[in-house]
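The values are calculated or read from the model by the stated rules, or taken from the named source; none is laboratory data. Nothing here was measured: the structure is a model prediction, and the numbers come from that model. Note that we place each Cβ from the backbone using ideal geometry, even for glycine, and neighbour counts take in every protein chain shown. Calculation scope for accessible area: heavy atoms of the full protein, side chains included, ligands and nucleic acids excluded. Shrake-Rupley method; radii C 1.70, N 1.55, O 1.52, S 1.80 Å.
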Amino acid sequence: MTKLVRGFRDILAPQSNYFTEIESAARRAFALAGANEIRIPTVELKELFVKSTGDTTDIVQKEMYSFEDAGGRVLALRPEGTPGVVRAYIENNFAANSPVQKLFYIGNMFRAERPQAGRYREFEQIGFEYIGSAAPAADAETILILKDIVAAFGVKNYSVKINSLGCPECRPAYKQELINYLKKDFDALCDKCKERLERNPLRVLDCKICGPRVTASAPAQKLCAQCTEHFEEVKNLLDGRIAYDVDANLVRGLDYYTRTVFEFQAGASAQNAIAGGGRYDGLVKSMGGPQVPAVGFAMGVERAVAARGETQPARENKIFVISLDKTCNAKAFETMYNLRAEGVCADGGLFDKNLKTQLKAADKAGAAYALLLGPDELAKKIFTLRDFKTGSQKEINFENIYTEVKALI
RNA sequence: GUGGCUGUAGCUCAGCUGGUUAGAGCAUUGGUUUGUGGAGCCAAGGGUCGGGGGUUCGAAUCCCCUCAGCCACCCCA
């Protein structure tokens with residue numbers, strides 16, 4: 001038979017419920033913060049990602065699903081959400097009307113990496129982009145919204161790292177200084193870092209092989225006065241609201257980040273980054289828009305779900321309708337259907353099974369109550385309501401059924 | 001993309017150094033003498049042992065290829 005494509009998967013209950021839970025938590029937090037949802041396409045021109053995410057990144061160099069359509073356009077499945085959002089911001093001319101935008105999205109992303117636990121070729125991201133504000137408060141707010149979602153969803157043991165990468169004023173100088181420093185001991189670098197040196201020397205600090213050895217003596221990040229002030233202000237706003245560590249080696253892998261970057265980590269696996277983000281003050285302009293600052297994050301839903309773990313759902317306020325005889329089926333069915341109209345979760349309908357089987361099914365479905373209708377009940381115009389928690393039963397007259405059930409549930 | 005480990009019923013696994021019709025527990029289905037679930041009892045169904053090729057009289061068991069999963073690297077969410 002035809003099977004799943006490598007790296008893709010079916011998400012079944014209860015996992016699928018956890019996805020809904022975190023999405024709901026996110027929507028609540030976004031609504032409280034005044035953010036609007038944006039739905040962007042899954043497919044964009046490949047060049048969008050090359051220009052924004054960056055052609056030096058692995059994501060663009062080797063992880064994109066790209067293809068040519070019948071019209072000869074070179075397209076790609078989105079590997080991340082930010083480029084599409086920024087493209088939409090520019091294309092819809094937000095800058096002219098209401099330049100400050102808090103936008104969030106929930107959607108699946110695609111990267112052709114080698115699959116591993118916590119790393120799939122299709123995965124879901126919940127993302128937030130705060131476009132139009134250069135204020136440190138925007139950085140802090142972005143980080144705190146993310147914290148609220150993670151906390152509301154119930155991830156317990158996570159840590160937060162932040163850093164500042166500087167701006168176009170101070171970063172090139174630092175980059176050059178770092179290159180000069182690393183070149184002095186070029187041969188000691190691993191092969192990867194030799195390649196990285198010119199292209200993106202900051203990544204050497206993040207390297208598992210060279211990083212630990214180099215960082216101790218490497219020149220420290222030198223932020224300009226404005227970047228220093230910005231970073232200090234971000235930290236001030238964060239203090240007391242979230243526990244975090246400043247990690248000078250935190251370097252995000254996307255090209256567009258400036259100033260503040262951050263990462264939320266949880267779980268023991270190597271794929272422990274459940275969310276990450278940062279400021280990207282130059283991206284809108286570099287993509288053809290006006291000079292507009294921005295900051296944002298993206299959260300990996302399956303990683304957040306894995307970090308939180310399974311939850312034991314309480315026995316649902318569900319009523320399971322059971323009929324014991326052909327003569328009772330019509331009334332039982334009608335009652336089941338009408339209960340739903342009354343807003344009660346009514347399951348059941350396995351009327352061709354015997355009582356024991358139907359009760360088993362009710363238990364398995366997690367029902368709180370079973371509503372039994374047999375010839376005896378039909379004759380007396382009553383239902384028998386069984387409470388699964390206590391095992392007790394009581395009789396309810398036909399005419400009172402909806403009010404009584406609604407009172408219970 | 002690189003390296004390592006793994007792949008037997010829906011799930012978790014057992015099958016010793018190759019030997020007749022491949023097993024268990026859980027799950028499922030059906031019964032359990034007349035209407036009562038949440039580890040009662042009985043029984044049944046379900047696997048071309050990931051797929052393909054090879055070695056052999058004979059392969060789940062050995063070899064090769066392939067696919068998939070996991071772990072590390074890498075990368076990132």
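Using θ = phi - 60° and the Karplus relation 6.51 cos²θ - 1.76 cosθ + 1.60, list the HN-Hα couplings for region A:353-367 in order, rounded to whole Hz, with x at every Gly or Pro.
So the Karplus estimates, Gly and Pro as x, are 8, 6, 4, 4, 5, 5, 5, 4, 4, 5, 4, 5, 6, x, 5 Hz.
Pop out the ³J(HN,Hα) list for region A:388-402 in order, Karplus 6.51 cos²θ - 1.76 cosθ + 1.60 with θ = phi - 60°, rounded to Hz; leave Gly and Pro as x.
3J(HN,Hα) across region A:388-402, in whole Hz: 5, 6, 9, x, 8, 10, 8, 9, 10, 5, 3, 6, 9, 4, 5.
Take the Cα pairs of chain A, get the Kirkwood Rh, then feed it into Stokes-Einstein at 25 °C and 0.890 mPa s and tell me D in µm²/s.
The diffusion coefficient I find is 99 µm²/s.
May I ask for the distance between the Cα centers of region A:352-409 and region A:14-46, given as a whole number of Å?
39 Å
What percent antiparallel are the DSSP beta bridges of region A:271-409, to the nearest 5?
Approximately 60 percent, going by the DSSP bridge assignments.
Which whole-Hz ³J(HN,Hα) couplings does region A:118-128 yield from phi under the Karplus relation 6.51 cos²θ - 1.76 cosθ + 1.60, θ = phi - 60°, glycine and proline marked x?
After applying 6.51 cos²θ - 1.76 cosθ + 1.60, I find x, 9, 10, 7, 10, 9, 9, 10, 10, x, 9 Hz.
Stretched out fully, how many nm does the piece from residue A:194 to residue A:330 gain, at 0.36 nm a residue minus the Cα gap? Present the calculation step by step, with values, prior to reporting the outcome.
Details: separation 136, 0.36 × 136 = 48.96 nm, distance 7.67 nm.
So the extension gain works out to 41.3 nm.
Please calculate the 1.4 Å probe accessible area of residue A:327, with all protein chains present, and give it to the nearest 10 Å².
Roughly 90 Å² of residue A:327 is accessible to a 1.4 Å probe.
Taking a cut-off of 25 Å between Cα atoms, list the lysines near residue A:184, but don't count ones fewer than 8 places away on the same chain.
Partners found: A:175, A:192, A:194, A:208, A:222.
Could you tell me which residue out of A:13, A:295, A:149 lies farthest along the dipole of chain A toward its positive end? Charges go on the beta carbon: Lys and Arg +1, Asp and Glu -1, centred on the Cα centre.
A:13
Report, ordered by chain and residue number, the lysines lying within cross-link reach of residue A:360, taken as a straight Cα distance under 24 Å and ignoring same-chain residues fewer than 8 apart.
Hits, sequence-local ones excluded: A:318, A:326, A:331, A:389, A:394, A:406.
Per DSSP helix of 4 or more residues, -39500 (n - 2.57); summed, then divided by the residues of chain A. What does that give at 222 nm, rounded to the nearest 500?
Counting only the DSSP helices, I get -11500 deg cm²/dmol.
Identify all aspartates and glutamates with a Cα-Cα distance to residue A:62 below 12 Å; exclude those on the same chain that are fewer than 8 residues away in sequence.
A:113
Based on the Cβ-Cβ distance of residue A:285 and residue A:37, what FRET efficiency does E = 1/(1 + (r/R0)^6) give at R0 = 25 Å, to the nearest 0.05?
The value I calculate is 0.50.
Defining a contact as two alpha carbons under 8 Å apart and six or more residues distant in sequence, what relative contact order in percent does region A:1-96 show?
24 percent
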